[in-house]
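The following block contains the structure, expressed as structure tokens.
The values are calculated or read from the model by the stated rules, or taken from the named source; none is laboratory data. Just so you know, these numbers come straight off a predicted model, no measurement behind them. Here Cβ is always computed from backbone atoms with ideal geometry, including for glycine, and neighbour counts include all displayed protein chains. Protein only, heavy atoms only, side chains kept; ligands, DNA and RNA dropped before computing areas. Shrake-Rupley method; radii C 1.70, N 1.55, O 1.52, S 1.80 Å.
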Amino acid sequence: MPTRRSLLGLAGLTGAAGLGALAGCGSSASEVDPALGPMAGPDDSGAITFQIWDKAQEPAMLEIVAAFNQHYPNISVAVNTTANANFFEMLRIQAIGDELPDLFWINGPNFELYASEGMLQDLTGLEGFDPANYPPNLNELYSDQGVPYAVPKDFDTIGLWYNRELLHRAGVDEPTESWSWQEYRDASEIVTRALGSEQIWGNSGGIWPQAYIYPLVMQAGGEILLDDKTKSGYDSPEAIEAFSFLEGMVADGIAPDVRYTTENAPADLFNSGRAALHQSGNWEAAVFKDSPVFDQLGVAPLMHGKREANVIHGIGQAMNARSRNKPAASAFLAFLGSEEANRIQAAAGAANPAFIGTNDAYVESIPEFSLDIFIDAAETAMAYPASKNTEAWLRLEELFFPKIVMGEVESGAKELATRMNEVLADE
């Protein structure tokens with residue numbers, strides 16, 4: 001099994017530097033059987049820990065635990081919720097100290113790191129787990145060299161949220177299908193020119209990678225990662241075309257600049273009725289259902305460039321490869337991936353479930369929004385771009401995206417790619 005020590009090289013990325021004393025703590029690898037082993041039976045007993053990061057989803061997870069205990073009454077599951085901002089810092093500390101929970105949530109940016117370091121259990125033989133029950137691009141996201149290391153929990157894709165009243169006031173028809181980039185820009189300009197005196201923008205702007213930058217680069221025909229994830233695609237003509245599209249709207253005063261959206265989050269602008277268009281994911285539904293302009297809101301398919309392109313991401317549910325409670329953990333992980341558990345989280349409105357065919361309850365949870373557009377987008381969406389050291393180049397994106405969108409398009413994109421290539425070369 002790979003050593004835990006290489007995790008230290010990334011610890012500083014989340015403020016967890018100085019953890020070297022923990023490396024090598026705990027039992028040796030030889031004391032833990034790497035095999036998945038047999039699953040616990042309904043009459044078996046055990047106690048496992050399950051670590052998540054979303055307090056809003058905790059009630060649904062507890063409901064799933066209660067349903068699991070109807071099948072396995074003697075297995076106790078302790079759900080531990082850590083704030084999202086601290087989750088992966090905590091997880092690194094636990095990994096280095098050989099104290100990972102039995103089961104835990106994982107995301108795309110961190111998956112390859114933990115899989116490549118041997119921290120995640122190979123789920124090939126997990127009874128009841130069939131990858132065919134989940135979108136192929138999610139299986140791709142949580143597999144390493146074809147081996148599954150996490151059970152997909154939910155997924156999100158990107159759509160075009162809009163405020164129909166603001167569009168109508170400016171004389172723009174609401175989108176009923178995918179707009180082109182030009183149609184999006186034209187609508188943004190018309191609204192900004194017509195309603196700008198009321199501090200209303202045509203679109204909410206921003207530089208969020210998953211919701212805005214990644215889809216645009218892909219729609220232009222580019223990719224974020226090239227050559228089997230060994231090089232950046234940000235210096236490609238396609239990426240520069242996408243950045244130029246955003247920069248042009250900012251330069252022409254059609255969309256707010258980065259300094260403005262730093263103080264006025266794009267989602268907040270849209271949620272308060274100060275932006276007519278907002279490109280973002282289905283996670284916004286939970287917030288927008290309580291919006292003061294709820295009755296004015298709708299959502300349409302994502303706009304398109306040279307090609308249709310969307311990004312799919314979602315939470316994975318992984319098992320600690322060094323867990324000493326694998327029989328009980330296997331039983332609960334299999335249940336987490338079951339149709340029953342997915343329907344529970346859908347009915348609770350907690351998230352859009354990953355299990356194919358269980359989305360109806362989620363879509364119906366807010367019938368005023370056409371949430372089915374996010375389900376349809378999953379069929380062709382591209383997996384969230386990630387590598388072993390995703391966290392490092394995400395920091396570079398945070399540093400360079402503002403410069404690029406504020407005018408340094410070609411030079412900024414090329415410097416970002418150069419710096420990113422250095423990170424990728426060290427993986």
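Is it true that PHE87 is modelled with pLDDT of 95 or more, open to solvent by less than 20 Å² (accessible area, probe 1.4 Å) and under 18 Å from MET319 (Cβ atoms)?
For PHE87, the condition - modelled with pLDDT of 95 or more, open to solvent by less than 20 Å² (accessible area, probe 1.4 Å) and under 18 Å from MET319 (Cβ atoms) - is met.
Quick one: would you say MET303 is open to solvent by less than 10 Å² (accessible area, probe 1.4 Å) and touching a Lys or Arg at 6+ places or on another chain (Cβ under 7 Å)? Step through it out loud before you land on a result.
On the way: open to solvent by less than 10 Å² (accessible area, probe 1.4 Å): yes; touching a Lys or Arg at 6+ places or on another chain (Cβ under 7 Å): no.
Taking the combined requirement at face value, the residue does not satisfy it.
Run down ASP290, ASP252 and say which single residue is among the charged types (D, E, K, R) and under 23 Å from VAL409 (Cβ atoms). Show your work before the answer.
Numbers: ASP290 fails: under 23 Å from VAL409 (Cβ atoms).
Checking each option against the conditions leaves just ASP252.
Taking into account only those residues within region 319-339 that are part of a helix (DSSP H, G or I) and among the aliphatic types (A, V, I, L, M), which is farthest from ASN139 (Cα to Cα)? Break it down stepwise before answering.
Here is the first cut: in region 319-339, the ones part of a helix (DSSP H, G or I) are 326-336, 339.
Subset that is among the aliphatic types (A, V, I, L, M): 328-329, 331, 333-334, 336.
On the way: ALA328: 23, ALA329: 20, ALA331: 20, LEU333: 16, ALA334: 15, LEU336: 15 Å.
Looking at residues that are part of a helix (DSSP H, G or I) and among the aliphatic types (A, V, I, L, M), I get ALA328.
Do you know which residues across region 121-153 are under 18 Å from the mean Cα position of the chain (by Cα) and part of a loop (DSSP other than H, G, I, E, B)?
TYR134, PRO135, TYR142, TYR149, ALA150, LYS153
I've got another one for you. Can you report the number of residues in region 157-185 which are part of a loop (DSSP other than H, G, I, E, B) and in contact (Cβ under 8 Å) with a residue 60 or more places away in the chain?
Of all residues in region 157-185, those part of a loop (DSSP other than H, G, I, E, B) come to 157, 170-179.
In the following step, the residues that additionally are in contact (Cβ under 8 Å) with a residue 60 or more places away in the chain were identified as 157, 170, 172, 174-179.
Going through region 157-185 one residue at a time, the tally reaches 9.
Taking the residues in region 40-57 that are modelled with pLDDT of 95 or more, surrounded by 13 or more Cβ atoms within 10 Å (Cβ to Cβ) and under 30 Å from the mean Cα position of the chain (by Cα) as candidates, determine which candidate is farthest from PRO101 (Cα to Cα).
Among those that are modelled with pLDDT of 95 or more, surrounded by 13 or more Cβ atoms within 10 Å (Cβ to Cβ) and under 30 Å from the mean Cα position of the chain (by Cα), it is TRP53.
So how many residues does region 163-182 have that are farther than 11 Å from GLY298 by Cα, surrounded by 15 or more Cβ atoms within 10 Å (Cβ to Cβ) and touching a His at 6+ places or on another chain (Cβ under 8 Å)? I'd like the intermediate steps shown before the answer.
Within region 163-182, the subset farther than 11 Å from GLY298 by Cα is 166-173, 177-182.
In the following step, the residues that additionally are surrounded by 15 or more Cβ atoms within 10 Å (Cβ to Cβ) were identified as 166-167, 169-170, 172, 178-179, 181.
This time we only want the ones that are touching a His at 6+ places or on another chain (Cβ under 8 Å), so: 178-179, 181.
Within region 163-182, residues that are farther than 11 Å from GLY298 by Cα, surrounded by 15 or more Cβ atoms within 10 Å (Cβ to Cβ) and touching a His at 6+ places or on another chain (Cβ under 8 Å) number 3.
Would you be able to tell me the number of residues in region 349-395 that are farther than 23 Å from ALA220 by Cα and under 20 Å from the mean Cα position of the chain (by Cα)? Let's see the steps before the verdict.
Kept after step one, since they are farther than 23 Å from ALA220 by Cα, are these residues of region 349-395: 349-372, 388-389, 391-392, 395.
This time we only want the ones that are under 20 Å from the mean Cα position of the chain (by Cα), so: 349-356, 358-359, 362-363, 371-372, 388-389, 391-392, 395.
So the answer is 19.
Let me ask something additional. Looking only at residues that are in a loop (DSSP other than H, G, I, E, B) and open to solvent by less than 50 Å² (accessible area, probe 1.4 Å) in region 285-300, which one is farthest from ASN84 (Cα to Cα)? Walk me through it before giving the result.
Of region 285-300, the ones in a loop (DSSP other than H, G, I, E, B) are 289-293.
Of the ones still in play, those that are also open to solvent by less than 50 Å² (accessible area, probe 1.4 Å) are 291, 293.
Numbers: SER291: 23, VAL293: 28 Å.
Ranking the qualifying residues of region 285-300, first place goes to VAL293.
Check off (1) open to solvent by 50 Å² or more (accessible area, probe 1.4 Å); (2) modelled with pLDDT of 95 or more for TRP105 and give me the number that stays unchecked.
The failed condition is (1).
Determine the pairs where a residue that is at pLDDT below 95, located within region 133-156, has a partner that is surrounded by fewer than 22 Cβ atoms within 10 Å (Cβ to Cβ) and part of a loop (DSSP other than H, G, I, E, B) with Cβ atoms under 8 Å apart, the partner being 6 or more residues away or on another chain.
PRO135/ILE356; PRO135/GLU379
Out of all the residues in region 101-141, which are within 21 Å of GLN210 (Cα to Cα) and touching a helix residue (DSSP H, G or I) at 6+ places or on another chain (Cβ under 6 Å)?
GLY108, PRO109, ASN110, ASN139, LEU141 - these are the residues of region 101-141 that are within 21 Å of GLN210 (Cα to Cα) and touching a helix residue (DSSP H, G or I) at 6+ places or on another chain (Cβ under 6 Å).
Within the set of pairs 6 or more residues apart or between chains, which connect a residue that is closer than 21 Å to GLY97 by Cβ and in contact (Cβ under 8 Å) with a residue 12 or more places away in the chain inside region 108-119 to a residue that is among the basic types (Lys, Arg) and open to solvent by less than 10 Å² (accessible area, probe 1.4 Å) with Cβ atoms less than 8 Å apart?
MET119/ARG322
Six or more apart or on different chains, Cβ under 6 Å: which pairs go from a residue in region 344-366 that's in contact (Cβ under 8 Å) with a residue 24 or more places away in the chain and closer than 19 Å to GLY316 by Cβ to one that's open to solvent by 30 Å² or more (accessible area, probe 1.4 Å) and not acidic (Asp, Glu)? Could you list them?
That search, which allows pairs on different chains as well, returns PHE355/ASN133; ILE356/ASN133.
Taking only region 177-217 into account, find how many residues are touching a strand residue (DSSP E or B) at 6+ places or on another chain (Cβ under 7 Å) and under 20 Å from SER411 (Cα atoms).
1
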